[in-house]
Each structure stands twice: as structure tokens, then as C-alpha cells.
Amino acid sequence: VMAVAQEEAITPFVLSQGSLFRVHLLRLAEEEHVLLFTSHHIIFDGWSFEIFFKELSTLYCLALEKQELILPPLPLQ
């Protein structure tokens with residue numbers, strides 16, 4: 001995990017080509033995984049990242065409980 005994370009950390013984003021984020025799901029064991037999410041700083045500020053992380057966490061918990069994956073509306077648009 002650390003080797004992949006370190007490689008991700010030093011791999012530059014080319015703003016004129018492709019995505020501004022990368023996602024890797026690493027399978028460590030049958031029921032053990034690590035999600036690596038690498039993004040260019042241009043796509044998130046602190047407030048936006050907090051919203052993203054809360055929504056990702058909510059969706060993950062709902063999926064674990066096999067519940068419908070619906071997020072509450074944001075208080076601001």
C-alpha cells in the first residue's frame with residue numbers, strides 16, 4: 001500500500017491531458033481493501049473536500065448495510 005501511495009504522490013497531473021484525480025482500489029485480502037484517492041489541489045478546497053469525504057463515507061456505510069444509496073440534499077447549492 002505504501003509503495004503505491006508513494007508512487008501516486010510523485011506522479012504529476014498533466015492539466016491539459018486527462019483526469020484531475022485518480023482512484024485505486026487495492027485488495028489486501030478477501031475482505032480487506034484500501035481505497036487510494038489522489039487529486040490535484042485545483043479540484044478541491046478544504047470545504048469541498050470535507051463534503052466529498054462525508055458523502056463518500058455515508059455511501060460506503062449504506063452499501064455495507066445494503067441500504068439504498070441516497071444522499072441528503074446539500075444545505076447550500
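Data for the structure
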item	result
Loop-resident sites, the chain, for trypsin sites (Lys or Arg not before Pro), counting at most 16 other Cβ within 10 Å (DSSP)	Lys66
Within a Gaussian network of the chain (alpha carbon springs, distance under 10 Å), most fluctuating of His33, His24, His41	His33
J(HN,Hα) series, segment 54-63, from Karplus relation 6.51 cos²θ - 1.76 cosθ + 1.60, nearest Hz, glycine and proline x	4, 5, 4, 5, 4, 4, 5, 4, 5, 5
Whole-Hz ³J(HN,Hα) from phi, Karplus 6.51 cos²θ - 1.76 cosθ + 1.60, for segment 30-38, glycine and proline x	3, 10, 9, 9, 10, 9, 9, 10, 10
Kirkwood Rh in Å, taken over segment 1-71 so that all alpha-carbon pairs contribute	14.2 Å
Longest site-free stretch - the chain; sites: GluC sites (Glu not before Pro), DSSP loop, at most 14 other Cβ within 10 Å	32-64
1.4 Å probe accessible area per residue over the chain, in Å²	85 Å²
Simple Cβ-charge dipole of the chain, Lys/Arg +1 and Asp/Glu -1, about Cα centre, in debye nearest 20	180 debye
GNM flexibility winner over the chain from Leu56, Leu35, Leu64 (Cα, springs under 10 Å)	Leu64
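The values are calculated or read from the model by the stated rules, or taken from the named source; none is laboratory data. The shown structure was predicted, so the numbers you read here are calculated from the model rather than taken from an experiment. FYI the Cβ positions are ideal-geometry reconstructions off the backbone, even for glycines, and counts take in every protein chain you see. Quick note on the areas: whole protein, heavy atoms, side chains included, nothing else; ligands and nucleic acids left out. Shrake-Rupley method; radii C 1.70, N 1.55, O 1.52, S 1.80 Å.
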